[in-house]
Amino acid sequence: MGVLDGKAVVITGAGRGLGRAYAVHAAGSGAAVVVNDVAVESAGAVAAEIRESGGRAVANAGSVTDPGQADALVERCFAEFGALDGLVNNAAVNYHAFPWEDDPGRLRELIEVNVLGSMYCGIAAVKAMHARTGGVVVNVASGAMLGQRGSAAYSASKGAVASMTASWAADLADHGIRVNAVCPLAWTPMMEADPRAHQICSPEHTPDRIAPLVTYLLSDLSAGITGQLIRFVGDRMLVVRQPAVKEPVLRRDSWDVADIAAAFDEDLGDALEPTPGERWRL
C-alpha cells in the first residue's frame with residue numbers, strides 16, 4: 001500500500017530536476033501522475049519511466065503561462081484518471097542579473113512562468129477541487145524569497161508564491177482544500193546554472209531527497225497542515241515563519257522625522273532584520 005494509492009496528481013515542470021523527482025516518487029507511492037513540461041520529449045520520458053516501473057502516468061506539454069493550457073491540464077487529469085486530488089506547482093525558470101543589468105523581457109518571462117503559471121494552474125485545479133470538496137495544492141517557493149543577491153526577479157517571484165500560498169490556504173480551509181509550499185534546495189540543472197552553485201549547494205543534495213516531503217504533503221498523512229512554508233536543504237528540514245508584525249509597536253499622536261530617527265536608534269533597533277543576502281542561505 002502506498003500513501004497516495006487511488007489519488008491522481010498533476011505535477012508541472014516535471015521533465016527534469018525536482019519536478020521529475022516529485023513525479024517519480026509520487027507514482028512510486030501509488031499516485032497516477034500527469035507529468036507536465038514544455039519540453040515534450042522530457043515529459044514523455046518521465047511518464048514512460050513511471051509506466052515501465054509499474055506506475056500510471058501520462059505526459060502533457062502545455063505551457064503553464066497559458067490559462068487555457070492550465071485548464072486543459074486539469075481536464076487531462078480527469079480524462080485519464082477520473083479525478084484530481086493534488087497539484088504540485090513546480091514549473092519555474094531562473095536567471096541571474098544585478099539590477100543595473102536586468103532585462104525587462106527576461107523579467108517578464110520569469111514572472112509569467114513562476115507567478116502567473118502557478119496562479120493559472122492553481123486556479124484551474126482549485127475550481128475542480130472546490131466542486132468536489134477536497135484536494136491538495138503544493139506550491140514550490142524558495143529560500144530566495146528572503147532576498148538573494150543577483151536574483152531579484154526570481155526572489156520576487158518566489159515571494160509571490162509564498163504570499164499566494166498563505167492567501168489560498170485561508171480562502172480554502174473551509175472547503176477541504178489544503179495549500180502548502182516547499183522551499184527546496186537541491187542540485188538540479190537550474191542550480192548548476194547558478195555561478196555560485198558550489199557555495200550554495202552540494203551535488204550530494206539530490207532532488208530525490210526532497211521528493212518524500214512533497215509526497216507527504218500530497219497525502220492524507222498531512223491532513224490538518226495548511227498554509228505552511230517548509231524549507232528542505234539536504235539533511236535539514238524546517239518551517240519558515242510567515243511575515244508578521246514584530247514588537248515593539250510604537251504609538252505617538254504625531255510623528256516627525258526626528259521622532260522616527262529616535263525610534264530606529266532606540267526602540268526599533270533590535271527589531272531590524274539581518275543583513276539582506278544572508279537570511280536565505282539556510
ask   = Looking at the range 84-135, which of the residues that are among the acidic types (D, E) and touching a strand residue (DSSP E or B) at 6+ places or on another chain (Cβ under 9 Å) is farthest from A173 (Cα to Cα)?
value = D103
query = Failed condition for A141, given (1) buried (at least 19 other Cβ atoms within 10 Å of the Cβ); (2) farther than 25 Å from R20 by Cβ; (3) not acidic (D, E), with all others met?
reply = (2)
query = So, of the residues in the range 23-45 that are of a type in the set (V, I, T) and surrounded by fewer than 24 Cβ atoms within 10 Å (Cβ to Cβ), which turns out to be farthest from the chain's Cα centre (by Cα)?
reply = V40
message = Checking the structure you have, find out if any residue of the range 92-99 is surrounded by fewer than 16 Cβ atoms within 10 Å (Cβ to Cβ), in contact (Cβ under 8 Å) with a residue 24 or more places away in the chain and not small (G, A, S).
response = yes
task = Check A124 against each of (1) touching a Pro at 6+ places or on another chain (Cβ under 8 Å); (2) part of a loop (DSSP other than H, G, I, E, B) and name the one condition it does not meet.
result = (2)
query = Is it the case that D85 is closer than 21 Å to I210 by Cβ, surrounded by 18 or more Cβ atoms within 10 Å (Cβ to Cβ) and of a type in the set (D, E)?
reply = yes
task = Could you please find all residues in the range 8-22 being touching a residue at least 60 places away in the same chain (Cβ under 8 Å), crowded, with 24+ Cβ neighbours inside 10 Å and of a type outside the set (F, W, Y)?
result = V9, V10, I11, T12, G13, A14, L18, G19, R20, A21
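Every number in this text was worked out from the coordinates using simple rules, so none of it is lab data. Only a predicted model underlies this, so the values are computations on that prediction, with no experimental measurement involved. With ideal geometry, Cβ positions are generated from the backbone for all residues, glycine too; neighbour counts draw on all protein chains shown.
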